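What follows is a single structure, written as structure tokens, with notes after it.
The values are calculated or read from the model by the stated rules, or taken from the named source; none is laboratory data. All values derive from a computational prediction rather than experimental measurement. All Cβ positions, glycine included, derive from the backbone under ideal geometry; neighbour counts span all protein chains shown.
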Amino acid sequence: MPKQSKNLTSSKDPSIDLDAEFRNTNIQEVLDKLDRELIGLIPVKTRIRETASLLLVDRVRKQLGLSAGAPSLHMCFTGNPGTGKTTVALRMAEILHRLGYVREGHLVSVTRDDLVGQYIGHTAPKTKEVIKKAMGGVLFIDEAYYLYKPENERDYGAESIEILLQTMENNRDDLVVILAGYKDRMDKFFHSNPGMRSRVAHHIDFPDYGADELVSIAKLMLESQNYCFSKAGEEAFGKYIRLRMKSGHFANARSVRNALDRARLRQANRLFSGTKKSLSKNDLITLEAEDILASRVFLEGSPDNKPKTKKTD
Amino acid sequence: MMTNQGNIVTQGQFSFLPPLTDKQISAQLKYALKNGWAIGIEYTDDPHPRNTYWEMFGNPMFDLKDPAGILLEINSCRKTFPNHYIRVTAFNSTRGVESPTMSYIVNRPKKEPGFSLVRQEGAGRSVSYTIHSYATDKPEAERY
């Protein structure tokens with residue numbers, strides 16, 4: 001530990017080994033995991049790295065008695081569905097925990113239903129209960145813009161926002177709030193709730209994935225399920241993704257997951273109805289081109305089953 | 001032999017110790033949370049030892065991870081009832097146990113008048129004894 005000093009103009013300036021401090025928190029481990037498990041998302045990763053270094057420097061400064069006040073850590077994640085907002089929030093909770101900014105490091109993921117009550121006097125206890133559960137960790141509010149419904153002035157969402165704002169201000173040491181949702185709707189939400197806007201310091205935008213990134217994501221997903229593409233299968237999937245991206249309701253990684261589930265279904269069907277009676281392990285784990293080319297996307301340019309509602313991640 | 005120095009009501013855990021600080025309460029809450037016990041906050045203005053069922057302040061709290069939320073609730077209860085007895089109860093819901101495993105007072109009235117001894121003469125010169133709290137002479141909510 002470096003020597004403590006409160007004197008800014010001290011002649012013998014205590015030096016601090018930032019690297020050692022960095023290693024002590026094991027932050028690199030989490031960042032590496034983030035790199036490994038999340039494909040692409042370069043701007044997001046850069047922001048997380050920046051935030052992590054800010055918190056680290058802040059911590060070191062605190063050891064020297066240079067306090068700058070507890071940093072506001074409330075965040076807003078905006079992006080299209082399936083761009084990894086929940087996954088990043090989970091990692092964020094871990095990073096904040098390693099740096100000692102939250103005590104427990106758990107993530108409580110909620111939506112409007114969990115916060116807003118159904119009758120007068122129901123909202124406040126409901127919101128407070130969720131907040132109490134999230135204390136010591138991260139409160140992740142998915143589709144946060146639904147909290148505010150301007151078209152209905154008797155909506156209870158406003159009450160919930162009020163309580164949230166109060167907690168975000170008064171209990172900054174106890175919990176970190178992350179709001180998530182589509183970019184344009186979140187912008188509108190912040191526009192009509194200036195109090196919320198000023199309390200959220202970090203806005204992180206999640207870009208859409210490119211076709212190649214989606215193929216790598218697919219490979220990663222298959223790997224975790226003990227499947228793999230054949231060479232032709234991978235090419236076919238690349239083609240599939242490019243077509244799928246053009247059709248409506250495309251939900252990035254979530255669409256990929258659904259496509260893979262359907263491909264697994266077709267593969268099972270193919271193996272079952274196939275003439276080959278003895279199957280090798282290789283047959284069981286390989287998705288062939290025909291499993292993917294059978295998709296309706298190739299026939300009429302629409303996915304097998306259209307999702308009814310849009311969802312964010 | 002233990003002596004009751006301040007002439008205060010001693011029931012539950014830690015009642016012979018000086019009042020717990022918020023930090024000490026947090027540590028106790030943390031222990032309860034670590035064991036997965038649900039925590040409730042209760043208050044009363046009747047200090048009789050046989051008064052087991054106190055009023056509940058808010059809902060019992062399940063699935064919490066951190067004591068900060070409970071401490072918040074304790075403090076809001078103290079604000080609402082500054083001159084009541086307030087206790088924290090941890091409930092263990094494990095099958096076969098299903099009962100409070102921890103209970104301690106976190107707030108008490110500034111002045112506790114104590115108890116008097118009441119004698120009742122029965123048949124054949126027999127006397128039965130009971131205690132009576134001076135505080136309960138006044139109606140509810142005006143006691144302290």
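Structure values in brief
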read-out: Evaluation of B:K65 against (1) free of Cβ contacts under 8 Å to residues at least 40 places away in the same chain; (2) under 28 Å from A:G136 (Cβ atoms); (3) surrounded by fewer than 20 Cβ atoms within 10 Å (Cβ to Cβ) (one fails), failing number; value: (3)
read-out: In region A:8-19, the residues that are surrounded by 11 or more Cβ atoms within 10 Å (Cβ to Cβ) and at pLDDT 50 or above; value: A:D13, A:P14, A:I16, A:D17, A:L18
read-out: Test: A:E169 is under 22 Å from A:E290 (Cβ atoms) and surrounded by fewer than 22 Cβ atoms within 10 Å (Cβ to Cβ); value: no
read-out: Entirely in region A:225-313, the helices (runs of 4 or more DSSP H) that have 2 or more residues that are surrounded by 15 or more Cβ atoms within 10 Å (Cβ to Cβ) and either modelled with pLDDT under 85 or among the polar types (S, T, N, Q) (or both); value: A:252-273
read-out: Top-ranked residue in region B:76-91 [being touching a residue at least 40 places away in the same chain (Cβ under 8 Å) and of a type outside the set (K, R); ranked as farthest from B:M56 (Cα to Cα)]; value: B:N83
read-out: Among the residues listed as A:A89, A:A52, the single one being farther than 25 Å from B:D63 by Cβ, buried (at least 16 other Cβ atoms within 10 Å of the Cβ) and more than 14 Å from chain B (Cβ to nearest Cβ); value: A:A52
read-out: Pairs where the first residue, in region B:40-59, is under 16 Å from B:L29 (Cβ atoms) and the second is of a type in the set (S, T, N, Q), C-beta under 7 Å, 6+ apart; value: B:G40/B:T89; B:E42/B:T89
read-out: Qualifying residue in region A:104-116 (condition: away from chain B (no Cβ under 14 Å), within 16 Å of the chain's Cα centre (by Cα) and assigned to a helix (DSSP H, G or I)); value: no
read-out: Some residue of region A:130-140 being within 13 Å of chain B (Cβ to nearest Cβ), assigned to a helix (DSSP H, G or I) and closer than 30 Å to A:T46 by Cβ; value: yes
read-out: Helices (runs of 4 or more DSSP H) fully within region A:150-213 counting 2 or more residues that are touching a residue at least 12 places away in the same chain (Cβ under 8 Å), more than 22 Å from A:K85 (Cα to Cα) and not basic (K, R); value: A:157-170
read-out: Set A:L99, A:L107, A:L90, A:L115: member being modelled with pLDDT of 90 or more, of a type outside the set (S, T, Y) and within 26 Å of A:V57 (Cα to Cα); value: A:L107
read-out: Residues of region B:37-61 that turn out to be surrounded by fewer than 18 Cβ atoms within 10 Å (Cβ to Cβ), in contact with an Asp or Glu (Cβ under 9 Å, 6 or more places away or on another chain) and not hydroxyl-bearing (S, T, Y), as a count; value: 5
read-out: Candidate set: region A:43-82, residues that are free of Cβ contacts under 8 Å to residues at least 40 places away in the same chain and not charged (D, E, K, R); chosen: the one nearest to A:G195 (Cα to Cα); value: A:G69
read-out: Evaluation of A:G82 against (1) within 14 Å of chain B (Cβ to nearest Cβ); (2) under 16 Å from the mean Cα position of the chain (by Cα); (3) at positive phi (one fails), failing number; value: (1)
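One line per residue, one yes/no per condition, for (1) in contact with a Cys (Cβ under 9 Å, 6 or more places away or on another chain); (2) among the small types (G, A, S); (3) part of a helix (DSSP H, G or I):
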| position | (1), (2), (3) |
| --- | --- |
| A:K45 | no, no, yes |
| A:L54 | no, no, yes |
| A:D58 | no, no, yes |
| A:S72 | no, yes, no |
| A:P81 | no, no, no |
| A:T86 | no, no, yes |
| A:A89 | no, yes, yes |
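Conditions (1) within 14 Å of chain B (Cβ to nearest Cβ); (2) crowded, with 20+ Cβ neighbours inside 10 Å; (3) touching a Lys or Arg at 6+ places or on another chain (Cβ under 9 Å), marked per residue:
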residue	(1), (2), (3)
A:L34	no, yes, yes
A:I42	no, no, no
A:T78	no, yes, yes
A:I95	no, yes, no
